[in-house]
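First comes the structure, then the notes that go with it.
The values are calculated or read from the model by the stated rules, or taken from the named source; none is laboratory data. This structure is a prediction, so every number in the text was calculated from the model and none was measured. A quick note on method: Cβ atoms are made from the backbone with ideal geometry, for glycine too, and the neighbour counts reach across all protein chains shown. When the accessible area is computed, the model is the full protein with side chains, heavy atoms only, and any ligands, DNA or RNA have been set aside. Shrake-Rupley method; radii C 1.70, N 1.55, O 1.52, S 1.80 Å.
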Amino acid sequence: STGFTGAVTLADGNIVTNNLTSSLGEGVLTVIKDAVIGAEGLNFSTRLEGRVKNRIRADAGVKLTFGRANGTTYLAGAVEAENVNIGIVGGSQTMWVYLENDLVVSGALLVADGDRLYVGNGGTTGAIMRTTSSTSQDLNVDLSGASSQLYFNRSDSVTYSGVISNSGSVVKTGNGTV
C-alpha cells in the first residue's frame, strides 16, 4: 500500500520495495531483527527501482542491509540507528543505494564489492554520520572491494571528514564540491 501513514514494525523477514512512490506509506519503520530493505531486479539489464519514504529506526544489535541484487533503492527518510552495532549498505552485487536524507548510526558502514552508495540524489540533502553519546561526526566507510563505489551526489558544497578505507573508489557527481 502507498496510502497508509501508520507505523510499521519489521520483526522478522525482509522488505522488497519495487515502487518509486513508496510501498510502505510514510509512517516510521522500526526494525527489531536483522533485515534487508530495498528494491530487487531480475538481472542487471532488468534493474528495478524502489523508494522508502519512511524514517527507519533500528533496535540495538540489528544488522541492516539496504538494497537487493540488481536493484536501485532510494532512501528518502532518515535512517536512525544510534544503538545499532553494525549498519551495512550492500551485501550483494550490483546494488545501488541513494541516500536522499541522513544515515545516522553508531556502527560501521560497509559498501560491498560491486555495490554503489550515493550520498545525496543531486539536491542539498543526504549525509552519512556517526553518533556517540555526545557528538555527531562523519561516518567511516569501508569500500570492501575494488568494484565498490561511494558517490557524493550533492548540488551544494559539503565537507566530509570520515575515513574511507579499502580498495573501492570515491566519485563526486552533482554541481557541488566535496
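Here is how the numbers come out for the structure above:
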read-out	value
Members of region 68-96 that are modelled with pLDDT of 75 or more and assigned to a loop (DSSP other than H, G, I, E, B)	Ala76, Gly77, Ala78
Scan of region 1-42 for residues that are modelled with pLDDT under 75, farther than 14 Å from Lys53 by Cβ and open to solvent by less than 70 Å² (accessible area, probe 1.4 Å), ordered by number	Glu40, Gly41
Search result, residues across region 128-172 that are over 17 Å from the mean Cα position of the chain (by Cα), within 21 Å of Met95 (Cβ to Cβ) and free of Cβ contacts under 8 Å to residues at least 24 places away in the same chain	Lys172
Matching entry among Leu150, Leu103 (being in a strand (DSSP E or B), under 13 Å from Phe66 (Cβ atoms) and either of a type outside the set (Val, Ile, Thr) or modelled with pLDDT of 90 or more (or both))	Leu103
Filter result (within 21 Å of Gly123 (Cβ to Cβ) and in a loop (DSSP other than H, G, I, E, B)) within region 156-172	Asp156, Ser157, Val158, Thr159, Tyr160, Gly162
